[in-house]
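Novice: Here it is, the structure, as C-alpha cells.
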Amino acid sequence: MNRLMMIVLLVGAVFKSVAQNSPNTPVQEELIKQSKLLVQVGNMLESKHYSPRSIDDNFSKAIWERYINKLDLKKEIFLQGDIDLLRKYQLSIDDEICGSTSISFLPYALQQYNKRLDECLLQYQQILSVPFNFSKKEKGLPVVVSALFPVNENERREHGRRRLKYMTLQTFYLDQAVKVVIDLTTSHTVNPL
C-alpha cells in the first residue's frame, strides 16, 4: 500500500509539473508553434535566402509599415490611436522573429483590426439604412490615399459615408453609360444587302 501511494503521488507530481509548464490554452500553444516557425523563417532569411536580409530594427520597421498598409491601405478601418498603440511594436518585430521576445505584434494587430472592422461594418449598415441626399453639394473624395488615419469614429464614419455615396454615384453613372452603349449598338445595326 505504501508503494502504491508513492506511485500515485509521483504520477500526480509529474502531471502537476507538466500542467504548470505547458500552456494553459490552445491559443498559447498556437503562439508557441508560430514563434518556433517564425524563428526558423528568420534564420532562413538571414542565412539561406538567395538574397539574405539582416533581421534588425530597419527590417522590423519595413515589415511593420508593409503589414499596416496591407491591412488598411485606404486608412478606412484603423483609427490614429490604434496606429499609435501599434507603433510600439515597430522596432520589436525583429526580436519576435529572432525569438528573443514572444509574439505579441500580430495577435494585438489582428485583435485591433477585427474590433475596428466590426465597428466599420456596423457603421456601414447604419449609413446605408438612410437614403443619400444627392442634391446636397459635398466636397469630393481625395484621389490620393490620405497619409493620416481618422482621428475618431465620427471622422471615419463621415469618410465612409462620403465614399459609399461616391461609389453609389459611380455605379449609377456606369449603369447609365452601359445602357447608352447598348441602345446605340442595337439601334444602329447594319442590314445585310
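Novice: Once you have the alpha carbon radius of gyration of the range 24-187, what is it after dividing by 2.2 N^0.38 Å, with N set to its residue count?
Specialist: Working: Rg = 22.1 Å, N = 164, 2.2 N^0.38 = 15.3 Å.
Rounded to two decimals, the normalised Rg is 1.45.
Novice: Two decimals, Cα atoms only, Kirkwood Rh: what is Rg/Rh over the range 80-173? List each step's numbers first, then the result.
Specialist: Numbers: Rg = 17.8 Å, Rh = 15.9 Å.
Result: Rg/Rh = 1.12.
Novice: Which pairs break 28 Å Cα to Cα here: LYS70/LYS179; LYS36/LYS61; LYS61/LYS165; LYS70/LYS165; LYS48/LYS115?
Specialist: Numbers: LYS70/LYS179 36 Å; LYS36/LYS61 21 Å; LYS61/LYS165 36 Å; LYS70/LYS165 24 Å; LYS48/LYS115 38 Å.
Checking Cα-Cα distances, LYS70/LYS179; LYS61/LYS165; LYS48/LYS115 exceed 28 Å.
Novice: At most 16 other Cβ atoms within 10 Å and a DSSP loop assignment: could you name the trypsin sites (Lys or Arg not before Pro) in the range 97-190 that fit? Don't jump to the answer; show the numbers that get you there.
Specialist: Values: sites: LYS115, ARG116, LYS136, LYS137, LYS139, ARG156, ARG157, ARG161, ARG162, ARG163, LYS165, LYS179; in loops: LYS136, LYS137, LYS139.
For trypsin sites (Lys or Arg not before Pro) across the range 97-190 that sit outside H, G, I, E and B with at most 16 neighbouring Cβ atoms in 10 Å, the list reads LYS136, LYS137, LYS139.
Novice: While we're on this one: Please report, to two decimal places, log10 I(q)/I(0) for the range 66-127 at q = 0.12, 0.23, 0.26 Å⁻¹ as given by the Debye formula with identical point scatterers on the Cα atoms and no solvent.
Specialist: Here the Debye-derived log intensity ratios amount to -0.34, -0.97, -1.14.
Novice: Only sites in a loop by DSSP and with at most 14 other Cβ atoms within 10 Å count here; which GluC sites (Glu not before Pro) in the range 86-142 make the cut?
Specialist: Filter output for the range 86-142: GLU138.
Novice: Expected output is a single nm value to one decimal: the length gained when fully extending between SER47 and VAL178, i.e. 0.36 nm times separation in residues minus the C-alpha distance. What is it? Display every interim value, and only then the final one.
Specialist: Values: separation 131, 0.36 × 131 = 47.16 nm, distance 5.55 nm.
My answer for the length gained is 41.6 nm.
Only the coordinates and a few stated rules stand behind these numbers; no lab work does. For clarity, every value in this text was computed on a predicted model and none was experimentally measured. Neighbour counts are summed over all protein chains in view; Cβ atoms, including those assigned to glycine, are modelled from backbone coordinates with ideal geometry.
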